[in-house]
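Undergrad: I have a structure here, written as structure tokens, and I will follow up with some questions on it.
The values are calculated or read from the model by the stated rules, or taken from the named source; none is laboratory data. Model, not experiment: these values are computed from the prediction. Neighbour counts run over all protein chains shown; Cβ positions are idealised from the backbone, glycine included. Just the protein is used for accessible areas: all its heavy atoms, side chains included, with ligands, DNA and RNA removed. Shrake-Rupley method; radii C 1.70, N 1.55, O 1.52, S 1.80 Å.
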Amino acid sequence: MQEVIRMKIMFSAGEASGDVHGEQLATSILRMDPSVELIGFGGAQMEQAGVRLYENFADYNVMGVWEVLKNLRRILKLLDGLTAFMREERPDLLVLIDYPDFNWRLAKRAKQLGIPVFSYIPPSAWAWRKGRAKSCAKLADEFVAIFPHELPVYEAAGANISFVGNPLVDKVRAKMPREEARRYFRIPADKTAVLLMPGSRRQEIELLLPAMLQGAKLLLERRPDTLLLLPVADGIDESRIRQLIDAAGVPVKLVHDDRYSLMGAADAAVATSGTVIMEAALLDLPCVVLYRLSPLSYAIGRLLVHVENFSLPNILLGEQFERELLQDEVTPENIAGELEKLYPGHPHRKLVVDKLQAACAKLGGPGASFRVAEKILAAARRLATAK
């Protein structure tokens, strides 16, 4: 009788977007093989999907060079804790989900323990520190990217990498048709709904929400037919958001449920650069895209990062059709002026929406998470059998 191999797979995801990806992978893996034990570092969505967490990432979610340095002791303590956890649990495979600066340190520890590594959403070596591709290729047994433009630099480094589609194609779905959603969120027919989406990290909210609110204030003066809404992400400090809104004196409605239906019902948005911009693109929601770091982090980043665009839809098409505002360009005047161009009836809006649809077409078809889960299971079985 052939021995049944019971596998144990460990995930490591250190931020909200990674938690979403981890939840999708966990769900797919357990559907294909309910006997697999899933453990790791992640968030509430991964835990609900069946991952036994060593630690929740919520207390370690920081961005920027200076912010990481301030929290370095806690981060290193977490790294040591996860290393001990791996040594005790002996997973058949460690799956890294994005979060590169931390996860690739963990990958080195895993290789020292003889634990194979699978990288899902590898570091953006195409954009900066291209030499990372070679060092990562030495540590991970297999890579899966979620954007096609990420492959060449890793292939040149000798990595076993593939692109099987983007999971957002499956994930991003409005539960309600647009008109029904507008009624549900009480958006009057004569109002233009504009979303403020400052991100989920504390630093993003502090650096960008005040400028968004002042831009929205200008916009209301010019276009009183505007309704402002802010979808509240899970795990963020809502009290701080309310403080900033009250200080700005701007009427903003906070929304806590069905974010994708809200995005489908809205007309335009101002948002922090990140996954949310691609989510908006999939829902035909044009955005003004913001990015701002602390002065020190930005100065260091300028030396390391060499890209023409930082918004994913723009990167996919190789052109800036969706306006990006970086650092000192993030002003209330710029935000208000660019948002006005996205209002229904403005000729620029149709151009942007058409380009968004072309960018989304490059993400591949449905079922990406299932295909990645198949690759993870195949890798875990192959490596477990080889032990």
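Undergrad: As a test of the formula, what do you get for the chain when each DSSP H run with n ≥ 4 contributes -39,500 (n - 2.57) and the sum is divided by the residue count, at 222 nm and rounded to the nearest 500 deg cm²/dmol? Before the final figure, lay out each step's value.
TA: Values: 18 runs with 189 residues, N = 387.
Computed mean residue ellipticity for the chain: -14500 deg cm²/dmol.
Undergrad: Give, in nm to one decimal, the length gained when the segment between R87 and R222 is fully stretched (0.36 nm per residue of separation minus the Cα-Cα distance).
TA: Numbers: separation 135, 0.36 × 135 = 48.60 nm, distance 6.08 nm.
Gain in length upon complete extension: 42.5 nm.
Undergrad: Would you list which lysines come within 29 Å of K355, measuring only between C-alpha atoms, while excluding same-chain residues fewer than 8 positions from it?
TA: Qualifying lysines at Cα under 29 Å: K130, K171, K175, K191, K217, K341.
Undergrad: If I take R0 = 22 Å and measure r between the Cβ atoms of K341 and R202 in this structure, what FRET efficiency does the formula 1/(1 + (r/R0)^6) give, to the nearest 0.05?
TA: For K341 and R202, the calculated efficiency is 0.15.
Undergrad: Moving on to the next point. Apply the Karplus curve 6.51 cos²θ - 1.76 cosθ + 1.60, θ = phi - 60°, to the phi angles in the stretch 30-46 and return the couplings in whole Hz, x for Gly and Pro.
TA: Karplus-based 3J(HN,Hα) across the stretch 30-46 equals 5, 5, 6, 8, x, 7, 5, 9, 10, 9, x, 10, x, x, 5, 5, 5 Hz.
Undergrad: Tell me which lysines have Cα within less than 22 Å of K134's Cα, excluding those fewer than 8 residues away on the same chain?
TA: Counting by Cα, and skipping residues close in sequence, K134 has these lysines nearby: K108, K111, K375.
Undergrad: Could I ask something else about it? Name the residues whose placed amide hydrogens come within less than 5 Å of the amide hydrogen of T192, ignoring near sequence neighbours (fewer than 5 apart) on the same chain.
TA: The list, which skips near neighbours in sequence, is T226, L227.
Undergrad: Rounded to the nearest 0.05, what FRET efficiency do S239 and H149 have when you use their Cβ-Cβ distance and R0 = 45 Å?
TA: Values: r = 40 Å, r/R0 = 0.88.
The value I calculate is 0.70.
Undergrad: Rounded, prolate or oblate: pick one for the chain, where a ≥ b ≥ c are the square roots of the eigenvalues of its C-alpha gyration tensor, a/c under 1.5 means rounded, and failing that, prolate if a/b is larger than b/c, else oblate.
TA: Working: a/c = 1.84, a/b = 1.71, b/c = 1.08.
In terms of gyration-tensor shape, prolate.
Undergrad: If you don't mind, another one. What is the extension gain from R381 to D246, computed as 0.36 nm multiplied by their sequence separation minus the C-alpha to C-alpha distance, in nm to one decimal? The partial results should precede the final answer.
TA: On the way: separation 135, 0.36 × 135 = 48.60 nm, distance 5.48 nm.
Additional length available on full extension: 43.1 nm.
Undergrad: Under 19 Å from the 7 Å Cα→Cβ point of D284, by amide nitrogen: which residues of the stretch 191-219?
TA: What the label zone holds, given the 19 Å backbone N cut-off, is 191-195.
Undergrad: OK, next. Roughly how many percent of the accessible protein surface of the chain is carbon and sulfur, given a 1.4 Å probe and a whole-percent answer? Write down the numbers at each step before the final one.
TA: On the way: 9030 of 17350 Å².
The value for the chain is 52 percent carbon and sulfur by accessible area.
Undergrad: Got a sec to turn the phi values of the stretch 115-124 into Karplus ³J(HN,Hα) couplings, 6.51 cos²θ - 1.76 cosθ + 1.60 with θ = phi - 60°, whole Hz, x for Gly and Pro?
TA: Once rounded to whole Hz, the list reads 9, x, 10, 10, 9, 10, 6, x, x, 7.
Undergrad: Can you list residues whose amide H is under 5 Å from G367's amide H, if they're 5+ apart or on another chain and H is modeled 1.01 Å from N?
TA: Result for G367 returns D170.
Undergrad: For the chain, give the magnitude of the charge dipole about the Cα centre (Cβ charges: +1 Lys/Arg, -1 Asp/Glu; no others), in debye to the nearest 20.
TA: On the way: 49 positive and 48 negative charges, 165 e Å.
My answer is approximately 800 debye.
Undergrad: Quickly work out the K138-to-A189 label distance, labels modelled 7 Å from Cα along the C-beta direction, and quote it in nm with one decimal.
TA: Here the answer is 6.6 nm between the modelled labels.
Undergrad: Another question, then. Output ³J(HN,Hα) for the stretch 81-94: one whole-Hz value per residue in order, computed from phi by the Karplus curve 6.51 cos²θ - 1.76 cosθ + 1.60 with θ = phi - 60°, and x for Gly and Pro.
TA: x, 5, 5, 5, 4, 4, 4, 7, 7, 6, x, 6, 7, 9
Undergrad: Test of understanding: what is the full-extension gain from Q357 to D170, defined as 0.36 nm times their sequence separation minus their Cα-Cα distance?
TA: Working: separation 187, 0.36 × 187 = 67.32 nm, distance 1.54 nm.
So the chain would gain 65.8 nm between Q357 and D170.
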